[in-house]
Amino acid sequence: MTNKKYVRWTATFGLAIACAVSLTAQVTKESVPGIVNFSKVETTVACAGATTPAALAEVKRMGYASVINLRMTSEAGAEIEAEAAAAKTAGLNYVHLPFNAAAPDPMLVDSFLKAVADARNQPAFIHCASANRAAALWMIKRVEIDKWDVERASAEASALGLTNPALKTFVMDQIQARKK
């Protein structure tokens, strides 16, 4: 290999590595008082776990337009009504989509995709108790709306908090069902 070809090959390889790193470097984790497992993807979305109603003022200050709460009213520590009131006070759109991780409802996916695609809700702060359900639905959005490949969407979802094997299976089933 000539020196010019080697330099060109090295530059191309370096650019490919930089692009691959930038695709996975989008998720950043932050410590936000009152929010468990806060992770954001650029300015597009944040996924998190349990969130106190008091933390929603900070969510608004960070520039988010909406809160999409995936917690069930029956979950320990879920303060649905207080969170809805705090979101209203903070000037955030509030969407409650109760997501039962033990028996996920495919219709909930449609409601989520509609809510997250609504320009009035962007950027969105999406949360559940641990970030598993939030990351699972975000992965479906990435594949269905953003047309990402499954591997890239899965890597991002893992970085956002998707660790539950049953939810991963649900996500893959939903992606397959929507291809038909």
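The values are calculated or read from the model by the stated rules, or taken from the named source; none is laboratory data. Quantities reported herein were computed from a predicted structural model and do not represent experimental measurements. No Cβ is skipped: glycine too gets one built from the backbone with ideal geometry, and neighbour counts run over all protein chains shown. Ligands, DNA and RNA are stripped out before the accessible areas are found, and what is left, the full protein with its side chains, is counted by its heavy atoms. Shrake-Rupley method; radii C 1.70, N 1.55, O 1.52, S 1.80 Å.
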remark   = Counting only residues 5 or more apart in sequence or on a different chain, those whose built amide H sits under 5 Å from that of VAL67 are ASN93, TYR94, VAL95, PHE125
inquiry  = If each DSSP helix of 4+ residues adds -39,500 (n - 2.57) and the sum is divided by the residues in the chain, what number results at 222 nm, nearest 500 deg cm²/dmol?
reply    = -16000 deg cm²/dmol
Neighbourhood charge, 15 Å Cβ-Cβ cut-off, centred on ALA54 and excluding it, Lys, Arg +1 and Asp, Glu -1 = -1
message = Please identify the DSSP H helices in the chain that span no less than 20 Å along the helix axis (Cα) and have a mean Kyte-Doolittle hydropathy of -1.0 or more.
response = 3-24, 165-179
remark   = For region 60-173, dividing by residue count, accessible area per residue (probe 1.4 Å) in Å² works out to 45 Å²
query = Share of region 23-92's accessible area from carbon and sulfur, percent, 1.4 Å?
reply = 56 percent
query = With charges set only on the Cβ (+1 for Lys and Arg, -1 for Asp and Glu), what does the dipole of the chain come to about its Cα centre, in debye to the nearest 20?
reply = 800 debye
message = Quick check on my link table: of LYS88/LYS141; LYS88/LYS168; LYS40/LYS179; LYS114/LYS180, which ones sit more than 21 Å apart, alpha carbon to alpha carbon?
response = LYS88/LYS141; LYS88/LYS168; LYS40/LYS179
inquiry  = Solvent-accessible area of LYS168, probe 1.4 Å, all protein chains present, reported in Å² to the nearest ten, please.
reply    = 80 Å²
task = Run the accessible area of region 107-180 with a 1.4 Å probe and give the carbon-and-sulfur part as a rounded percent.
result = 54 percent
Modelled FRET efficiency - R0 35 Å, LYS179 with ALA119, Cβ distances, 0.05 increments = 0.85
task = Quick one: order HIS127, HIS96 from most to least accessible surface, probe 1.4 Å.
result = HIS96, HIS127
